[in-house]
1. Among 74-85, 218-229, how do they line up from the highest to the lowest mean number of other beta-carbon atoms within 10 Å?
2. Give the long-range amide H neighbours of VAL350: residues separated by 5 or more places, or on another chain, with amide H under 5 Å away, using H modelled in the peptide plane at 1.01 Å from N.
3. For the pair GLU187/LEU248, report the inter-label distance in nm, with labels modelled 7 Å from Cα in the Cβ direction.
4. Let me check the size of the range 297-432 from its C-alpha atoms; what are the radius of gyration and Dmax in Å?
5. For every other residue with a beta carbon closer than 13 angstrom to the beta carbon of GLY324, add +1 if it is Lys or Arg and -1 if Asp or Glu, then tell me the sum.
6. Using θ = phi - 60° and the Karplus form 6.51 cos²θ - 1.76 cosθ + 1.60, what ³J(HN,Hα) does each residue of the range 399-407 get, whole Hz, x for Gly and Pro?
7. Which value in nm describes the separation of the simple spin-label points at ASP117 and SER425, placed 7 Å from the Cα toward the beta carbon?
8. Antiparallel DSSP bridges in the range 297-432: what percent, to the nearest 5?
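Derivation of every value follows stated rules applied to the coordinates shown; laboratory data play no part. Treat the numbers as computed from the prediction; the structure is a model and nothing was measured. Backbone-built Cβ (ideal geometry, glycine too); neighbour counts: all protein chains shown.
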Amino acid sequence: MGGAGGTGDDAGEVPAALRVALVQVAADVLGSAEPAEVPPTLRAVHRFAPRRRATAGAGPLWTALQDDAFRARVARAWAQSHPELAAAVAADATEPATPSLPAAVGAWLLATGTWRDLLPAGDPPDPTGPAQAEVQARLERAQGESERLRAEAAAAREEARSAQDQLVALQRELRRLRSDADRARSEGRRAADDARASLDAAELARSRAQEDLRQAVDERRAANAERTAARAELRAARKLADVRVRLLLDTIVDAASGLRSELALPPVADLPADLVSPPTERPAVRPGSRGRSVDDPALLDELLRQPWAHLLVDGYNVSKSGFGELSLADQRRRLVDGLAGVAARTGAEVTCCFDGQEGQTQAPGGPGGYARGVRVLFAVGEIADDLIRRLVQAEPPGRVLVVVTSDREVARDVEGAGAWVVPSSTLVARLQRL
């Protein structure tokens with residue numbers, strides 16, 4: 001440490017006015033520095049107010065100026081703020097600067113060795129002897145140490161205030177935590193009291209439930225006893241009834257025997273079978289034919305309104321006689337639509353049979369063989385006439401069956417089975433009225 005113009009042995013020769021000016025420049029530079037750039041010895045001074053930094057921190061600042069790095073930083077800052085004067089006090093300047101206190105400050109900071117020559121005329125160097133200089137140096141060092149200690153004391157006071165603030169905050173937090181703990185303990189006691197109350201209520205409910213269970217067991221025993229007694233009484237009543245019936249039956253038998261003896265009834269000579277006359281010849285009439293066919297559409301409606309009436313239709317026999325100019329698919333569709341109206345008006349069961357092909361087992365337009373309430377069947381492996389005959393044979397005797405066909409053989413067979421036969425033209429006329 002030490003330089004050619006402003007440190008080392010020359011430090012004690014710096015006049016007081018120049019020293020005050022140097023300390024002021026250092027205080028200004030320290031105030032504009034970032035906290036990370038502040039030397040450790042000046043951190044306490046950096047926290048001082050700007051107006052107190054140069055006076056209260058004069059000692060530490062002057063000591064820090066003896067360090068080449070800090071002095072160079074202060075010199076750069078001074079040169080940036082006084083560029084012309086910095087050029088004039090430089091060692092290689094062609095035109096020397098006029099002696100003045102700012103010029104002497106710059107020369108001392110820049111270590112040009114000319115700061116003595118640049119001091120104003122009214123502030124010549126102090127021509128004191130070596131002893132006096134030594135005393136002055138010691139005094140200044142003591143003052144610097146005193147200033148440093150005062151700065152450290154101020155920093156310590158700042159830290160103490162900060163610690164006091166932290167202590168107050170911690171005490172406040174401690175009081176809050178104690179309050180929370182007291183509140184938690186109070187809530188815990190309240191919860192414990194609630195739990196004990198709930199436990200007492202549960203014990204009371206349990207004792208009541210046990211009492212109810214005992215009463216239910218007693219009532220069940222009493223009910224079983226009453227049921228046993230009732231069964232015994234029922235057996236006794238049945239036995240009494242049997243005895244009474246037997247006595248009554250014996251009385252009736254004895255009375256009948258006495259009546260037979262009193263009336264002197266002869267033995268039975270003829271049996272019921274002996275009294276039946278032999279059968280007489282009757283004209284053969286086909287069952288269910290009634291001796292006529294149904295040609296009147298109104299009479300057809302009356303038949304279909306009978307309970308559980310069943311209408312069976314020879315599909316193509318009817319469709320070809322009524323609307324044979326249409327295709328077979330259109331004939332089926334038109335016939336089924338008309339039969340759906342008949343079923344809706346009369347409530348009768350309606351089955352329509354067509355000659356079919358292999359794999360054709362469902363009605364057009366409806367799954368499961370139904371289309372709008374009409375059962376549509378296709379005769380596969382047989383003709384529709386045989387299918388109609390089988391349907392008639394499957395019906396129970398006495399049910400009203402109406403078969404619509406103009407086929408004479410089919411009409412003869414179904415009439416023999418008890419069905420009414422309606423010509424196809426009658427049904428066509430009925431459908432045209434819909």
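1. For the peptides 74-85, 218-229, the packing ranking is 74-85, 218-229.
2. HN-HN under 5 Å from VAL350: LEU311, ARG375.
3. Calculated label separation equals 8.5 nm.
4. Cα radius of gyration and Dmax of the range 297-432 are 13.6, 39 Å respectively.
5. Taking every other residue near GLY324 into account, the sum is +1.
6. Running phi through 6.51 cos²θ - 1.76 cosθ + 1.60 with θ = phi - 60° gives 7, 6, 10, 10, 10, 9, 6, 10, 6 Hz.
7. My value for the distance between the label points is 15.8 nm.
8. 15 percent
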